[in-house]
1. With θ set to phi - 60° and the Karplus curve 6.51 cos²θ - 1.76 cosθ + 1.60, what are the ³J(HN,Hα) couplings of the stretch B:58-63 in order, to the nearest whole Hz, using x for Gly and Pro?
2. Using a ≥ b ≥ c from the Cα gyration tensor of the stretch B:65-109 (square roots of the eigenvalues), is it rounded, prolate or oblate, where a/c under 1.5 gives rounded and otherwise the larger of a/b and b/c decides, a/b for prolate?
3. Please turn the phi angles of the stretch A:173-180 into ³J(HN,Hα) values with the Karplus equation 6.51 cos²θ - 1.76 cosθ + 1.60 (θ = phi - 60°), one per residue in order, whole Hz, x for glycine and proline.
4. Which of the lysines could a cross-linker bridge to B:Lys144, judged by Cα under 17 Å and excluding same-chain residues fewer than eight apart?
5. How high is the relative contact order of chain A, in percent, with contacts defined as C-alpha pairs under 8 Å that are six or more residues apart?
6. Give the Rg (one decimal place) followed by the Dmax (whole number) of the protein assembly as shown, computed from C-alpha coordinates and expressed in Å.
7. Please identify every one of the GluC sites (Glu not before Pro) in the stretch B:245-325 that sits in a loop by DSSP and has no more than 13 other beta carbons within 10 Å of its own beta carbon.
8. Count the DSSP beta bridges whose two residues both fall in the protein assembly as shown, then state the antiparallel fraction as a percent rounded to the nearest 5.
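The values are calculated or read from the model by the stated rules, or taken from the named source; none is laboratory data. Only a predicted model underlies this, so the values are computations on that prediction, with no experimental measurement involved. When we count neighbours, we look across all protein chains shown, and the Cβ atoms used for this are built from the backbone with ideal geometry, even at glycine. Just so you know, the surface numbers come from the protein's heavy atoms only, side chains and all, with ligands and any DNA or RNA stripped out. Shrake-Rupley method; radii C 1.70, N 1.55, O 1.52, S 1.80 Å.
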Amino acid sequence: MRAVWALFLKELRVLGRDPFLLVAVLWFFTAEIYVAGTGIRLELHQAPMAVVDEDHSLASRQWQAGFHEPWFRRLPPPPAMALALKLVETGRAMLAADIPPRFSERIERGQPASIQLFLDGANVTLGSLAASYAQMIHARFNEQLLYDRLHLSRDQAPPFPHVENRLRLLFNQANRDSWFMAASELFAVMTLIGMLLPAALAVREKERGTIEQLLVAPLTPTRIMLPKLLAVMLVMVAGFSLSLWLIMHGLLGVPVRGSPWLLYAMVALYAFSLSGLGLFVATITRNVGQVMLVVFMLMLPMLLLSGAWTPPESMPSWEQALMHLAPLYHFNIIGNGILFKGSDLALLWPNVLQLAAIGLGLFLLGAWRFRKMLA
Amino acid sequence: MIRLEGVHKRYGRTVALEDVSLEVPRGQLFGLIGPDGAGKSTLMHIVAGVLAQDAGTVVVNGVHVDSERSAERIKSSLGLMPQGLGLNLYPTLSVEENLDFFAGLRNVPKAVARQRKTQLLQMTGLTPFRDRAMQHLSGGMQQKLGLICALIHEPELVILDEPTTGVDPLSRRSFWRLLAQLVEERGMTALVSTAYMDEAALFDQVALMQRGRVLSVGAPQALTDRLPFEQAIIRVRNPESWQTALAEHWPDWTRWFEGHHLHLQVPKAQRAAFEAWIKSDAPSMEGIWWQPADLEGLFLQAQQVHKETVIDLPPPRAERAIVAENLTRRFGRFTAVDEVSLDVHAGEIVGLLGANGAGKSTLMRMLTGLLPPTSGTAEVAGVSIRGNSLAVRRRIGYMAQRFSLYEELTVRENLRLFGRIYGLWGGRLRERLDWALNWSGLDSVADSRAGALPLGQRQRLALSAALLHGPSILFLDEPTSGVDPAGRRHFWSLLRQLCHDEGVAMLVSTHAMNEAENCHRVVMMRQGHKIADAPPDVLKQQLRERRGELATLQVDRPWQAERVLLDAGLDAFVQGRQVALFVHGEAEVSGRVLPLLRQEGLEVRGWQLMPPTMEAVFVSLIEGVA
């Protein structure tokens, strides 16, 4: 046990004296989270829009007024529709609208009027967002026309049947992107570091030849492996704390609604689950460079299957089944649950159990390969 | 070719070069010698334009090297081979592919490249291996390939940083023969560093460096002639009585033992008095030979290594620490170790010699439990190695060929870590730690990071770490490879002390033949087979009976002399600056050898009959069977 302790201290020292690893870990757990939290937005922001108004009426201006900041940004009106389309083609505008002459005249007369709206659909997410925003703006505009026609004011109850739309968001009432983005990024970073670190620590012993000195010593493979895993867990818990309390809670105002202790226990469990994968990577690589490559190769499918960037429900069923095998999928549910919803084990146990099972499986695989490599 | 004036270079606070001025004439084989960390590599890198000097003038091939652009200009006219086996090569490429790559890199026209390639491959004897991947070549072959890759563009200057470190004596010899031939035939200039002083003796000029300064420059002959002493080699019966006698009568002379051979630096002025003393007062001896001072003497004098306590090795004990029977290890179809049986007794130092790739490391790795044998059995400390038991591992210490401690940790932290791994704790650990630091002379660097130490100190640290837990069996795999003569001597006196005081059994592999003299017994391996297993004296005696006496001739051009003698059907080889050959009696030398050389215009400045050296034994056994 004393040997394990001595090796554990050694791992921490070696880590602490490696400027590259240290800076990488610090960066990932702080700046990276902050940038993700503040920099990435899922909503439409200042989408450039070119409008060719050939009507110049009150109604045409009212329609345009619906597309306002911060979601849309109006470009100086181009003189002709062809030019507006050119702007969309070159990517300088996301939307181009053509309001035909006599637009207001037709409305006045109670005739259907049309506006031509072009949307850049190349970026599917932004395109569909802009489309749905435009539809909503349009619906409001039509509603307003109805009110005007009936000479009613907006605060009066309308004399026609309708369902009132009053949404209330749970857990993240203000619908702040930063919370979700920062949390997703943190979990992704933990996945990266959780695989990279044990693999790098193990492969470095191979690279430098220090493994031979350990192998001729009276140490079992378990005693060589265990200190590394403990050191990685400590780094993960420390990095997570730094990120959670300083960046997320301190700077971004993310709430911690559930038990912090449960959260820490889950972080440790997650670190354990990934370490098996890290050890496995160490057995099939020869140097830290190769470790990086393999870890990044594993990272992409892990992220895609995590459900953080893509709703699980919209995936094909075979991929949905696959997601249940991805540790990050479960950890996302557990982490978000504890952070935002204040969930406890009574609610999360199916995911915790599955994560533990996957982790144990991966660990056994990694440990088995590692022992075989040492033997 | 190269002119340095007042060159300075520092790394942070450490001074690497201080006011270095040197001139290397065109067409010379110029050597750099000096202890680890003397600044040899830094100097070579500055000349190669890889590093920039802080101050001073560097002129290479007529170009002032003072900027990136001027450094680029000289690069086409030079070839560089960095320190370390095959480090400039690509392990997965074949011999030919490596050569093609370098030819392409240097823009050598295809037709020219093809012609040079054929020629260089033939010179190095690598033609049969042209399709073999570099990583499957032996160390000696890798080194030769590294050299010809650096030469494919026919540079005017080659810079070779310790090209023969970790290479066996035979390959080393053929490497220098090849380089000498290239320098002579193509008028190339070579700047070379080495840790082997006998190799340096063959250079046109050497510069002795220490702590970033050049202490002396000159032809080896001129440098050693200037030394105020000669070297006496005395074969003694009782080293300890000689030790006391010397301490009483000649206390200031530098001296060391290689086995039962006392090496003594006798001041020229006192030689007569000393010889008189030997005839009257001295303890008994079996013979004395005089040799002019050599570069090793120069080196040790500069290092101020003086008397060392001489330790007479007690005979080994009866109990056997290592017993191996018919050990075999195959890698695929290749048999690395073939039916080797071997034993090492408690308190015995056994030297393991052999060319690169002879199977020494594989044998050692099997005995330490790192590698399971394909067949055969072995017991270490009375327990079979197949069980790979923890109890056995507690009793052995192993020092790998490569430095395998943690470079990020300090000396003390490394030692403490390994102490704890072996179950030392608290007061006992502190006690062993103090002992190890003190014993290895590493006190002063205890808090420096291991990675920052020069090679000699690193090797002592590795040895200390392997010893901390007081093992009764030690495995040392080329522990002194690349270590300078002073460091090597220190290292071996530590080993002998250990054997003497604690009765540790040791299996040591080495490429330095004079180290083998320190062993009780020598096991020689060739292509996986054991071909000899006897005390050094016995091997030398056998050689004498088989081949005659060893005559050493002092000549100015040893390579030519060797050629002439070989052509005449004589068994000659270059040893240091001398040419050695086996003869039957003095008459053969004066009657046949001397006239032969004189005929070719080679002047012999002196000669004597010597007892065969271990190097001669090695050469005759390894080459003789081939």
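1. 10, 10, 10, 6, x, 10
2. oblate
3. Calculated HN-Hα couplings, in order: 4, 7, 6, 7, 4, 4, 4, 5 Hz.
4. Counting by Cα, and skipping residues close in sequence, B:Lys144 has these lysines nearby: B:Lys117.
5. 19
6. Rg then Dmax for the protein assembly as shown, in Å: 38.6, 141.
7. Sparse-neighbourhood loop GluC sites (Glu not before Pro): B:Glu319.
8. 65
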